[in-house]
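Data first, discussion second: the structure below is written as structure tokens.
Read-outs: derived from the displayed coordinates by stated rules, not from any lab. Everything numeric in this text was worked out from a predicted model, so none of it was measured. Here the Cβ positions follow ideal geometry from the backbone for every residue, glycine too, while neighbour counts run over all protein chains shown.
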Amino acid sequence: MVGELTQAEDAIAACADTAAWALPEQELIAALDAAHRLEQRLAAVKLALIRELDGRGTARAQGASSTTVWLRERLHLTIAAARRLVDLATALDTGN
């Protein structure tokens with residue numbers, strides 16, 4: 001999975017280097033739609049990873065008091081944002 005994510009990161013970096021102003025309007029709209037779809041899929045991957053890390057107890061094994069605290073430190077998030085990610089990952093996993 002890491003290899004695939006690295007490839008995706010490289011592809012996105014190439015897109016970021018493309019001048020949006022130079023795109024015809026229809027391509028610009030299509031690019032926006034594609035970026036949104038990718039963003040949603042990537043969010044789902046991120047939540048699945050968070051759920052797995054939480055289930056394994058990785059945060060505590062690495063000395064954090066909780067997955068929320070570990071995410072705050074690791075991803076430089078606010079505690080509220082980290083809590084939302086953990087809660088959403090748990091809810092998606094349990095179907096709630």
If Val2, Val86, Val45 are placed from fewest to most neighbouring beta carbons inside 10 Å, the sequence is Val2, Val45, Val86
With the 8 Å Cα cutoff and a minimum separation of six or more residues, the chain has a relative contact order in percent of 21 percent
If every Lys and Arg gets +1 and every Asp and Glu gets -1 at its Cβ, then about the Cα centre the chain yields a dipole, in debye to the nearest 20, of 640 debye
Between the residues Leu71, Trp21, Gly57, the Cα farthest towards the positive end of the dipole of the chain, that dipole coming from +1 and -1 charges on the beta-carbon of Lys, Arg, Asp and Glu, is from Gly57
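Translational diffusion coefficient of the chain at 10 °C, 1.306 mPa s, Stokes-Einstein with Kirkwood Rh over Cα pairs, in µm²/s as a whole number.
Details: Rh = 15.4 Å.
Roughly 103 µm²/s, to the nearest whole number.
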Taking the dipole of the chain about the Cα centre (Lys, Arg +1; Asp, Glu -1; charges at Cβ), the one of Ala30, Gly3, Thr90 that reaches farthest to the positive side is Thr90
